[in-house]
């Protein structure tokens, strides 16, 4: 039941465009004692169906600017290859700390940096 609740929370956050991994990864590591590498891998696999459903809904609502997609997709592919290699080279402890710092910085930016 806990895994369903974690998936539901990640799906809601992911469907909003925030990124389900921001909740999925910490919840898997905290409540299921999954190591960071495994949690991030699970996130990547669960992201595919969640993103596909959310994409269909956002496309129907005309919330996607198609001309932005090619450079974002190409950059994302290159970045994901680099990120996967970096992630494999780092220990789980360092990876967890880096992810925590990233979430903290993004949270602080959202609270204090974005005034519009």
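The values are calculated or read from the model by the stated rules, or taken from the named source; none is laboratory data. Since we're looking at a predicted model, the values are computed, not measured. Ideal geometry is used to build each Cβ from the backbone, glycine not excepted, and the neighbour counts take in all protein chains shown.
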Query - Identity of the residue in the range 1-21, out of contact with any helix residue (DSSP H, G or I) (no Cβ under 6 Å at 6 or more places or on another chain) and under 17 Å from residue 107 (Cβ atoms), that ends up surrounded by the most Cβ atoms within 10 Å (Cβ to Cβ) - result: 19
Report task. Could you tell me whether any residue of the range 74-87 is modelled with pLDDT under 95 and over 27 Å from residue 28 (Cβ atoms)? Result -> no
Query raised in the report: Are any residues in the range 53-103 in contact (Cβ under 8 Å) with a residue 40 or more places away in the chain, within 14 Å of the chain's Cα centre (by Cα) and farther than 15 Å from residue 40 by Cβ, and if so, which ones?
Result: 54
